[in-house]
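Student: Handing you a structure now.
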Amino acid sequence: MTDFVLKNTYSSLSSSELIKLEENNMDHKRFKHCIGVSLTARKLAHLNNYDEDKAALAGFIHDYAKQVSVADFRKTIQTQGFDQELLNWGPAIWHGIVGTYFIKRDLKITDPEILTAVRRHTTGDTEMTMLDKIVYMADYIEPGRDFVGVDTARKITFANLDEGVGFQLAHTLNFLIGNRNKVYPRTLAAYNVWSIKDNEEKN
Ligand code: GDP
Ligand code: FE
Ligand code: FE
């Protein structure tokens, strides 16, 4: 059990019911990550004059579907009205986009702003709301994250949320290309919006 609490006005379930469902849907390491993202989202919301409780809830549930099985994801894509092109991707891309289905079904959260932030949390998007950016960045810099450059990412993000988004997208793209992974088109489109330095003469 955990002493973590949420102020929840977005689900018919209580805060403790939400926390229990989340905890039962993932391993302990992932659950700790979700708490870290929630606390960081709250902090970023405070710094950017956004609703702290809403950001904390969105951050907490962003990876609810992270450990759903491939078979369940595929069945959901095939039967719940998702673009069938998604079948060409895998859990890294599915857990946000298709994860919204499990969040609505199990956690009874239907707020469109929260669901959009979950949908966009892995790839980013060309258009991002304040909540989208908060969850996207909190996921990247929460206290449990440990990668080369995370301290720079934290410094940049706490100073300027949009700069953080540009930083993360550039680093993610660099990482994907370095590993010769497939780039989801939305990740690339988002990079072109958020990461480009002001060097118009070279465009
Ligand atoms: P996590 O769920 O907390 O581990 O973090 P994310 O949801 O941000 O990312 C999940 C994984 O998706 C990471 O390993 C990212 O590198 C990966 N990812 C992000 N964008 C893309 C993409 O465009 N293509 C692919 N193949 N993977 C991506
Ligand atoms: Fe994720
Ligand atoms: Fe995450």
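Student: Which members of the range 56-96 meet the condition of being free of Cβ contacts under 8 Å to residues at least 24 places away in the same chain and within 12 Å of ligand 1 (Cβ to nearest atom)? Show your work before the answer.
Tutor: Start the filter on the range 56-96 by keeping residues that are free of Cβ contacts under 8 Å to residues at least 24 places away in the same chain, which leaves 69-72, 74-75, 77-88, 90.
Within the range 56-96, Asn88, Gly90 meet the criteria.
Student: Let me ask something else about it. Just to check your reading of the model, which residue among Gly178, Gly166, Gly124 is within 16 Å of ligand 2 (Cβ to nearest atom) and at pLDDT 95 or above? Quick ask: steps written out before the conclusion?
Tutor: Details: Gly178 fails: within 16 Å of ligand 2 (Cβ to nearest atom); Gly166 fails: within 16 Å of ligand 2 (Cβ to nearest atom).
After ruling out the rest, the residue left standing is Gly124.
Student: May I ask you to verify whether Arg154 is away from ligand 3 (no atom under 15 Å from the Cβ), within 19 Å of the chain's Cα centre (by Cα) and closer than 23 Å to Phe60 by Cβ? Let's see the steps before the verdict.
Tutor: Details: away from ligand 3 (no atom under 15 Å from the Cβ): yes; within 19 Å of the chain's Cα centre (by Cα): yes; closer than 23 Å to Phe60 by Cβ: yes.
So Arg154 passes the test.
Student: Based on what the data block shows, is Ile114 under 19 Å from Gly90 (Cα atoms), outside any loop (DSSP other than H, G, I, E, B) and hydrophobic (A, V, I, L, M, F, W, C)?
Tutor: Values: under 19 Å from Gly90 (Cα atoms): no; outside any loop (DSSP other than H, G, I, E, B): yes; hydrophobic (A, V, I, L, M, F, W, C): yes.
In short, no.
Student: Can I ask one more? Evaluate the range 66-84: report whether one residue or more is within 19 Å of the chain's Cα centre (by Cα) and within 30 Å of Ala159 (Cβ to Cβ).
Tutor: yes
Student: Name every residue in the range 190-203 that is modelled with pLDDT under 95 and either surrounded by 11 or more Cβ atoms within 10 Å (Cβ to Cβ) or not in a loop (DSSP other than H, G, I, E, B) (or both), in order of residue number. Give the derivation first.
Tutor: Initially, the range 190-203 is screened for residues modelled with pLDDT under 95, giving 197-203.
Selection gives Glu200, Glu201, Lys202.
Student: From the list Asp53, Asp27, Asp63, which residue is within 16 Å of ligand 2 (Cβ to nearest atom) and over 24 Å from Ala153 (Cβ atoms)? Lay out the reasoning, then the answer.
Tutor: Values: Asp53 fails: within 16 Å of ligand 2 (Cβ to nearest atom); Asp63 fails: over 24 Å from Ala153 (Cβ atoms).
None of the other options fit; the residue is Asp27.
Student: Now a separate question. Tell me, which residue of the range 13-37 that is hydrophobic (A, V, I, L, M, F, W, C) and within 11 Å of ligand 1 (Cβ to nearest atom) is surrounded by the most Cβ atoms within 10 Å (Cβ to Cβ)?
Tutor: We begin by selecting, within the range 13-37, every residue hydrophobic (A, V, I, L, M, F, W, C); these are 13, 18-19, 21, 26, 31, 34-35, 37.
Adding the requirement that they be within 11 Å of ligand 1 (Cβ to nearest atom) leaves 26, 34, 37.
On the way: Met26: 18, Cys34: 25, Val37: 30.
For the range 13-37, the residue satisfying everything is Val37.
Student: With the range 16-98 as the region, which helices (runs of 4 or more DSSP H) entirely inside it contain at least 2 residues that are polar (S, T, N, Q)? Show your work before the answer.
Tutor: On the way: elements: 28-47, 52-61, 70-79, 91-97.
Filter on the range 16-98 gives 28-47, 70-79.
Student: Collect the residues in the range 103-131 that are under 18 Å from Leu18 (Cα atoms), in contact (Cβ under 8 Å) with a residue 60 or more places away in the chain and in contact with a Ser or Thr (Cβ under 8 Å, 6 or more places away or on another chain), keeping them in residue-number order.
Tutor: Within the range 103-131, Leu107, Lys108, Ile109, Val118 meet the criteria.
Student: For the range 86-102, check the following and say yes or no: at least one residue is crowded, with 17+ Cβ neighbours inside 10 Å and away from ligand 2 (no atom under 16 Å from the Cβ).
Tutor: no
The values are calculated or read from the model by the stated rules, or taken from the named source; none is laboratory data. Predicted model, so just to flag it, every value in this text is computed and none were measured. Glycine also receives a Cβ, built like all others from the backbone with ideal geometry; neighbour counts cover every protein chain displayed.
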